[in-house]
Amino acid sequence: MHRRSHLPLPGASLPGAALRRVAPVVALAAVLVALLGSPASAHTALTSSDPAAGATLDAAPGAISLTFSGTVRGDGSSVTVTGDGGAPAAVGALSAVDNTVTVPVSGLTGGGYQVVWTVVSADGHAINGQFPFTVAAPSPAPTSASPLAGPGRAAGSSSPASPAALAAGSPTPTVRIEPSAPPSSSDSNAVWWIIAVISVAVLLLAAVAAVQLIRRRGTTR
């Protein structure tokens, strides 16, 4: 009489215990792939502004413009401008188009100002920040030179200023600070290639662990 072998046949389904041991490994690999490969993990960020952060302007701006790395929504977004003394400036209705938010401003004079903003990205995530800028005070109007006296003018009368003195008293030109360029697309592509390689490696390790567990289970029976 022949005894029946209890070893699993090739191609037979895995026992329930083996499946329960492999399932956590596969689930962990899937979670890692989702966390590393999801583009939603990179939230929208401010890339530039007009005026630029820390800029000194020769004239008051008529609007504040903010540019972001992703699409933003107008609902829930706000931009406020305050002067050195904390007094708010007159800000108009906010406009959001693609990745740019713009608000008109009026009544700005010479002095420092602070821009405080809050925007909502396309995925509903709210971000905020602030930056300063300065409007240069207008130059004083030049005074008219007194008419020269005739040959018999008094000995103590002042003489016209020399060209060198006028040049020394001219206002120093202001320097506009331009925002740094946003990160290039090649850097972003390199990051995503690294994430893809890590994801594939995790999946391969999970598959190898599952195969070794199945073989170990078969040899113990």
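The values are calculated or read from the model by the stated rules, or taken from the named source; none is laboratory data. Keep in mind that what you see is a predicted model, and the values were worked out from it rather than measured. For neighbour counting, all protein chains shown are included, and Cβ atoms are generated from backbone atoms with ideal geometry for every residue, glycine included. Ligands, DNA and RNA are stripped out before the accessible areas are found, and what is left, the full protein with its side chains, is counted by its heavy atoms. Shrake-Rupley method; radii C 1.70, N 1.55, O 1.52, S 1.80 Å.
Here is how the numbers come out for the structure above:
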{"item": "Complete set of residues in the range 52-75 that are within 18 Å of the chain's Cα centre (by Cα) and assigned to a strand (DSSP E or B)", "result": "I64, S65, L66, T67, F68, V72, R73, G74"}
{"item": "Number of the exception - V175 against (1) farther than 17 Å from T67 by Cα; (2) modelled with pLDDT of 55 or more", "result": "(2)"}
{"item": "Within the range 63-81, tally of residues that are touching a Leu at 6+ places or on another chain (Cβ under 9 Å) and either open to solvent by 50 Å² or more (accessible area, probe 1.4 Å) or within 13 Å of V116 (Cα to Cα) (or both)", "result": "6"}
{"item": "Scope the range 82-109; condition assigned to a loop (DSSP other than H, G, I, E, B) and open to solvent by 40 Å² or more (accessible area, probe 1.4 Å); matching residues", "result": "D84, G85, G86, A87, A93, L94, D98, N99, G107, T109"}
{"item": "In the range 205-215, the residues that are without any contact (Cβ under 8 Å) to a residue 12 or more places away in the chain and in contact with a helix residue (DSSP H, G or I) (Cβ under 9 Å, 6 or more places away or on another chain)", "result": "A207"}
{"item": "Residue list for the range 46-62, restricted to those being more than 10 Å from V119 (Cβ to Cβ) and open to solvent by 20 Å² or more (accessible area, probe 1.4 Å)", "result": "T47, S48, D50, A53, G54, T56, D58, A59, A60, P61, G62"}
{"item": "In the range 49-79, the residues that are among the small types (G, A, S), in contact (Cβ under 8 Å) with a residue 60 or more places away in the chain and more than 15 Å from F131 (Cβ to Cβ)", "result": "A59, A60, S69"}
{"item": "Filter result for V120 (open to solvent by less than 60 Å² (accessible area, probe 1.4 Å), more than 22 Å from A59 (Cβ to Cβ) and in contact (Cβ under 8 Å) with a residue 40 or more places away in the chain)", "result": "yes"}
{"item": "P140 assigned to a loop (DSSP other than H, G, I, E, B) and modelled with pLDDT under 60", "result": "no"}
